[in-house]
Amino acid sequence: MLLNLKEGVILPFFKPLGWTSFQVVGRSRWWFKKKYGIKKIKVGHAGTLDPLATGVLVVCIGKATKRIEELQTHSKEYVATIKLGATTPSFDKETEEDATYPVEHITKELIEQTLNTFIGEIQQVPPVFSAVKIGGKRAYKMARRGDDVELAPKKVNIYEIELIEFHAPDELKIRVVCGKGTYIRSLARDLGTAMNTGAYLTALCRTRVGDFTIDDCLDASHFSEWLDEQEIKFEEE
């Protein structure tokens, strides 16, 4: 593959569990600079993935960073595993369970009916453990300090949602296709509330961003070896 940094390069990476999106960006920047002696190069990503999530992370290099805003508007597909009957402050496994709820009334039919109510444009409150800014401060930093955090609801779009698996009484897996700014953690929380129980995210994989799928992704852990096999053209910025 010819990597033309003069024109800009867009590369889809598979973000491993536990990595931050910034770590993937930092590693790709470091290897470009090290292997090709580039003193300065712009690198960014088109949509954050939480450390507890895996999947497609689109990285833009060089002049392609100008396309980040455009790429962020593309639809995204996720596969999410959700535990029913409990909640956590972060809406995922980052924090401990803080309440439990009954699940005896949960059926596959109830789940499918409830999922359908989330299709379309909906109002969604982001998790307090998120990168949303309040008065210039990240909400997650305030939440971890124990500050009271109130976030306003915002409009997001759910294009498709379906039940993949239901392991009664308290675990389900769903596929979601959504627009920019959608928090799957919040969707899990809201799904539980709508079914008169609690719910939080236990696993999340982003399987597609725009036309990029997992099958297209590079392994961030072996990016150096992949670069060795590529031809590159560049100019210093």
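The values are calculated or read from the model by the stated rules, or taken from the named source; none is laboratory data. No experiment lies behind these values; they were computed from the predicted model shown. Backbone-built Cβ (ideal geometry, glycine too); neighbour counts: all protein chains shown.
For the reader, a short list of remarks on this structure follows.
- In the stretch 68-120, residue nearest to the chain's Cα centre (by Cα) [restricted to those that are in a strand (DSSP E or B) and basic (Lys, Arg)]: Lys76
- Test for Glu7: is it closer than 21 Å to Lys180 by Cα and not assigned by TED's automatic domain parsing to the domain that holds Ile158: no
- Comparison of Glu77, Glu97 shows that the only residue that is surrounded by fewer than 15 Cβ atoms within 10 Å (Cβ to Cβ), modelled with pLDDT of 95 or more, more than 30 Å from Ile232 (Cβ to Cβ) and touching a Ser or Thr at 6+ places or on another chain (Cβ under 8 Å) is Glu97.
- Tally of residues being exposed (fewer than 14 other Cβ atoms within 10 Å of the Cβ) and part of a loop (DSSP other than H, G, I, E, B) across the stretch 190-237: 7
- Failed condition for Lys93, given (1) in contact with a helix residue (DSSP H, G or I) (Cβ under 7 Å, 6 or more places away or on another chain); (2) of a type in the set (Lys, Arg); (3) in the same structural domain as Tyr159 (by TED's automatic domain parsing): (1)
- Which numbered condition Leu17 fails, given (1) in a loop (DSSP other than H, G, I, E, B); (2) more than 13 Å from the chain's Cα centre (by Cα); (3) hydrophobic (A, V, I, L, M, F, W, C): (2)
- Filter pass, Thr193 being over 16 Å from Ala53 (Cα atoms) and without any contact (Cβ under 8 Å) to a residue 12 or more places away in the chain: yes
- Of all residues in the stretch 23-55, those satisfying the criterion of being in a helix (DSSP H, G or I) and farther than 25 Å from Ser186 by Cβ are Gly26, Arg27, Ser28, Arg29, Trp30, Trp31, Phe32, Lys33, Lys34, Lys35, Tyr36.
- Among the residues of the stretch 216-230, the ones that are under 12 Å from Arg27 (Cα atoms) and charged (D, E, K, R) come to 1 in all.
- Per-region count, the stretch 121-176, residues buried (at least 19 other Cβ atoms within 10 Å of the Cβ), at pLDDT 65 or above and assigned to a helix (DSSP H, G or I): 0
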